[in-house]
Amino acid sequence: MEKVYTVEEGVKKLFALRKQVLPDYEILQGKRYKIIKWNGKSAPLFSFLEHPKILGLTLKREILGRPCAMTGYSVDNAALDALLFRELLIAENCFCSEVNKVTVFRSGNSANVTAKFENDAALSVSLHAAGFGDNLFKHEFFNTQGMISNRSVDTVIPQQALNVYTASGYEYFTDSNYALYGLAPSDADEAVAIYAVITHGDALKDSATAERLDRVVDVALKNVGKCVVKGEDF
């Protein structure tokens, strides 16, 4: 199996596997997310939506029906505003609904967030901008029909994708995408996101979503402890 060492190599491989032409593109680092530019277009790059555990939640959301509630936590080396943006976007994708009320209770680099969505779904999430380390997260869906989680119920640290026991001892591998063998999970997510945006993404819709949630995050963090409401505050 050919090993992939960089995101750029991974993107080239994805296009080659599908016999598609890869256009020239550029990745820029924005305040809360990366931006991709290609063929005169630009769009935000939401790599975290391509994470297998997040995709799993999105695909299974219909099991519980709506409305439902989601609880969770996220610890990362990103800034707190970037974490809040990410969690609201994940929730909107899982709920298929836009946020209309948000309250942030903040203490330094940590925050507890509650949010309500237009279809009456609810979110409660704890965030911590650690300044170092890898992203750790857990999300759980609840309603009267049951619960879905992207972690084992009593697990905080994620299991690795492959766990191998050999005569020489225990080894583990983080690879979760066969085509992108060798890439760290976050890099694999980015390669898949780049391919998805270029080939079948909706740049205008994604840009509008990013601009809207940027406003929500700005207003919520400027009004800590206050419930900010769509149509009144953002």
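State whether the chain is rounded, prolate or oblate according to the following rule on the C-alpha gyration tensor (a ≥ b ≥ c being the square roots of its eigenvalues): a/c under 1.5 gives rounded; otherwise a/b larger than b/c gives prolate, and the remaining case gives oblate. Since a/c reaches 1.5 but b/c is at least a/b, the shape of the chain is classed as oblate. For the stretch 181-214 versus the stretch 17-40, the inter-centroid distance based on Cα atoms is 9 Å.
3J(HN,Hα) along the stretch 182-199: x, 7, 5, x, 5, 6, 5, 4, 5, 4, 5, 5, 4, 4, 5, 5, 5, 8 Hz, from the Karplus curve 6.51 cos²θ - 1.76 cosθ + 1.60 with θ = phi - 60°, whole Hz, x for Gly and Pro.
Near Lys205, within a Cβ-to-Cβ distance under 13 Å, what is the net charge of the other residues, with Lys and Arg +1 and Asp and Glu -1?
Working: positive: Lys41, Arg212; negative: Glu92, Glu98, Asp202, Asp206, Glu211.
For residues surrounding Lys205, the net value is -3.
Taking the DSSP bridge list for the chain and keeping only pairs wholly inside it, about 85 percent are antiparallel.
Look at the dipole of the chain built from charges on Cβ: of Trp38, Tyr181, Phe117, the Cα furthest out on the positive end belongs to Phe117.
The angle between the Cα long axis of helix 80-95 and the main principal axis of the chain comes to about 90°, on a 0 to 90 degree scale. Build a GNM of the chain with springs between Cα atoms under 10 Å apart, and of Asn100, Asn39, Asn223 the one that fluctuates most is Asn39. The angle separating the long axis of helix 203-222 from the principal Cα axis of greatest extent in the chain is about 50 degrees. Springs between Cα atoms under 10 Å define the GNM used for the chain, and in it the highest mean-square fluctuation of Gly56, Gly30, Gly108 occurs at Gly108. Only helical runs count toward this figure. For the chain, summing -39,500 (n - 2.57) over DSSP H runs of n ≥ 4 and dividing by all residues gives -10000 deg cm²/dmol at 222 nm.
Once the GluC sites (Glu not before Pro) in DSSP loops with at most 11 neighbouring Cβ atoms within 10 Å are cut out of the chain, the longest remaining piece is 3-231.
For every other residue with a beta carbon closer than 15 angstrom to the beta carbon of Lys41, add +1 if it is Lys or Arg and -1 if Asp or Glu, then tell me the sum.
Result for the local shell: -1.
Charged side chains reduced to their Cβ positions (Lys and Arg at +1, Asp and Glu at -1) give the chain a dipole of some 340 debye around its Cα centre.
What are the trypsin sites (Lys or Arg not before Pro) within the stretch 1-100 that DSSP puts in a loop, where the Cβ has at most 11 other Cβ atoms within 10 Å? Kindly include the intermediate steps, with their values, before the conclusion.
Values: sites: Lys3, Lys12, Lys13, Arg18, Lys19, Lys31, Arg32, Lys34, Lys37, Lys41, Lys53, Lys60, Arg61, Arg86; in loops: Lys3, Arg18, Lys19, Lys31, Arg32.
Passing both the DSSP loop test and the Cβ count: Lys3, Arg18, Lys19, Lys31.
For the chain, modelled as a GNM whose springs connect Cα atoms under 10 angstrom apart, the maximal fluctuation among Leu221, Leu28, Leu49 occurs at Leu28.
None of the figures in this text is laboratory data; all of them are computed from the coordinates on show. Everything numeric in this text was worked out from a predicted model, so none of it was measured. Every residue, glycine as well, gets a Cβ built from its backbone with ideal geometry; the counts of neighbours run over all protein chains shown.
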